[in-house]
Amino acid sequence: MGRPDPEEGQLPAPVKPPDGGWGWIVLLGCFVITGFSYAFPKAVSVYFKELMKDFHVGYSDTAWISSIMLAMLYGTGPVCSIMVNQFGCRPVMLIGGLLASAGMILASFTTNIIELYLTAGVLTGLGMALNFQPSLIMLGTYFDKRRPLANGLAAAGSPVFLSSLSPLGQVLLEKFGWRGGFLIMGGLLLNCCTCGAVMRPLDMGMKRKMGKAQDKYEAKEMLPIGGKSEEGISTTDGTKKGKKAKKKPKKGKKLLDFSIFSNRGFIIYTISKFILVLGLFVPPILLVNYAKDTGVPDTEAAFLLSIIGFIDIFARPACGMVAGLKWVRPHVAYLFSFSMLFNGLTDICSARASNYTGLVIFCVFFGISYGMVGALQFEVLMAIVGSQKFSSAIGLVLLIEAFAVLIGPPSAGRLVDALKNYEVIFYLAGSEVVLSALFLGVASYCCLNRGKKEPPPENNPSAVGGSDTEEAESDVQEAEEHSSTNHQPAHSTDNAMVAANEEANHVAEEQSGEGGGCPAGDGEVLARDGCNADQMVERDSF
């Protein structure tokens, strides 16, 4: 009795990203998580001198703490993807917040450098990895039209937290020592649990609304029946039980979807990102030492990184706004390629800077280009693979980037030790970034031309809709199976027939009022055509 629910054979309406509402709270949580994930490994470096004194180790030994954190952040991408696909984003983020906090708290009680590697490095790095990736996935589910702006604002958390955590760490070190600082930092990382708690699944609110509407309608329908309400309720319950018994189990979601490697756009993006990471992080790592070697005082040399961070704070949201424009968004891959080209040329043109003024100019342009790259990198990936496969795609991309992170900066450091010349390193790093930009732009253009020449195959909705329609099609088939098996009378008495006719008339009136009176076949076509138009345009561009 009453309106049939999705379990009774009706296709549930697709959950549309709200592009606001609770999504702004999710964006705030993603902002905090991004800040901790990228800034924390760098902010820990303020404690290195004290660690060197207490444990009697060298700078390279303490630097492994930050390296292990970053390696865990990038290298555990597939593990995070599997956990998110199996348990969801919120539980994984809550566990990650606890692990990150526990790692720093335990690190405050360590007695040797190996224990620091295991606690502050492995445990905290794993916890931040379990927070970073799910937060980006949730951001993609809550935003669609405003997704470029949302990605830009979330990416701004990195420079904001870097400019805040480093001075805070210095203050904590002076007042409480490195052990007290680690303990307080571990308490701050508990905020990751708060950010994970606000990552409410988007379909939860929809299910609650549908359940309340259905209960209200059934109560309204049961009131006029009077003495035969119990008979109607028992009959309805029996019908539902029979339908649930006949319902076929839904096909489980893949823990890690390797089918994305069949996407040419994803392959192009992955290769270009690998080349990009080889040279992207080298200039900011070597900048301070390069400035000192040219005769710049220590305080002014350290201020150069502050200039990059300050410019980066404003460059990321601004680039997100530009990427969200209607005439720019379909070509966001080319904007990403331009940002990489801009960054690489900045490195090359500034390689011969020999005074402080030239280094400041380099920092300004590097901050703009670096912010553009940071704001667009995940937006382009979302546009290529779609929201359904993004959880698997980002895990695999981060794993591939981990190898580049372990190759690029250490190799640059060895070249500096061997050549004693920073100019060559800047030329090399800039050339790698320029190569990645040219590869992404040229390869994407070739794929675009090929995609325009090849007509889309007929009667193959999966080639058009992509991954976003697979689940909808399975629900349609499931609904059709239920509708075909439930065409038997529920009652044999005259009163039951009258009730059935009244219910049918009521449903027909609702369908005519909503404009949804179409047969099952038409419903399947609408379900296939109901995917997001922006996502289809972006995916078809690759």
Among residues of segment 277-317 being open to solvent by less than 20 Å² (accessible area, probe 1.4 Å) and of a type in the set (D, E, K, R), the residue nearest to the chain's Cα centre (by Cα) is 316
Checked against (1) open to solvent by less than 50 Å² (accessible area, probe 1.4 Å); (2) modelled with pLDDT under 90, residue 268 satisfies every condition except (2)
For segment 361-393, the count of residues that are closer than 16 Å to residue 434 by Cβ and open to solvent by 10 Å² or more (accessible area, probe 1.4 Å) equals 3
Taking segment 147-199 and keeping residues charged (D, E, K, R) and closer than 26 Å to residue 314 by Cα leaves 147
Against the condition more than 21 Å from residue 386 (Cα to Cα), hydrophobic (A, V, I, L, M, F, W, C) and not assigned by the TED database to the domain that holds residue 373, how does residue 137 come out, does it pass? no
From the option list 258, 274, single residue qualifying as surrounded by 12 or more Cβ atoms within 10 Å (Cβ to Cβ), aromatic (Phe, Trp, Tyr), modelled with pLDDT of 80 or more and under 36 Å from the mean Cα position of the chain (by Cα) is 274
Counted residues in segment 1-59 being modelled with pLDDT under 85, hydroxyl-bearing (Ser, Thr, Tyr) and either within 31 Å of the chain's Cα centre (by Cα) or outside the structural domain of residue 190 (by the TED database) (or both) come to 1
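When segment 409-424 is examined, which residues are found to be in a helix (DSSP H, G or I), more than 32 Å from the chain's Cα centre (by Cα) and surrounded by 11 or more Cβ atoms within 10 Å (Cβ to Cβ)?
Taking segment 409-424 and keeping what is in a helix (DSSP H, G or I), we get 409-419, 422-424.
Among the residues that remain, those that are also more than 32 Å from the chain's Cα centre (by Cα) are: 414-419, 422-424.
Matches in segment 409-424: 415, 416, 419, 422, 423, 424.
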Selection over segment 329-360 where residues are β-branched (Val, Ile, Thr) and over 20 Å from residue 439 (Cα atoms) yields a count of 2
Those residues of segment 41-57 which are open to solvent by 30 Å² or more (accessible area, probe 1.4 Å) and out of contact with any Asp or Glu (no Cβ under 9 Å at 6 or more places or on another chain) amount to 42, 45, 46, 49, 50, 53, 54, 56, 57
Picking from 358, 344, 320, the residue that is touching a Pro at 6+ places or on another chain (Cβ under 9 Å) and either surrounded by 21 or more Cβ atoms within 10 Å (Cβ to Cβ) or outside the structural domain of residue 146 (by the TED database) (or both) would be 320
Listed by first then second residue, the pairs whose first member lies in segment 92-112 and is under 13 Å from residue 132 (Cβ atoms), whose partner is in a loop (DSSP other than H, G, I, E, B), with beta carbons under 8 Å and at least 6 positions apart or on separate chains, are 93/199; 97/189; 97/190; 100/189
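Just give me the residues in segment 323-341 being closer than 14 Å to residue 366 by Cβ and either open to solvent by 10 Å² or more (accessible area, probe 1.4 Å) or basic (Lys, Arg) (or both), in sequence order. Spell out how you get there, then give the answer.
Here is the first cut: in segment 323-341, the residues closer than 14 Å to residue 366 by Cβ are 339-341.
If the condition is that a residue be closer than 14 Å to residue 366 by Cβ and either open to solvent by 10 Å² or more (accessible area, probe 1.4 Å) or basic (Lys, Arg) (or both), then 341 is the only one that fits.
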Of (1) closer than 24 Å to residue 428 by Cα; (2) touching a helix residue (DSSP H, G or I) at 6+ places or on another chain (Cβ under 8 Å), residue 318 satisfies every one except (1)
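The values are calculated or read from the model by the stated rules, or taken from the named source; none is laboratory data. Only a predicted model underlies this, so the values are computations on that prediction, with no experimental measurement involved. No Cβ is skipped: glycine too gets one built from the backbone with ideal geometry, and neighbour counts run over all protein chains shown. Side chains are part of the model used for accessible areas, which takes the heavy atoms of the whole protein and leaves out ligands, DNA and RNA. Shrake-Rupley method; radii C 1.70, N 1.55, O 1.52, S 1.80 Å.
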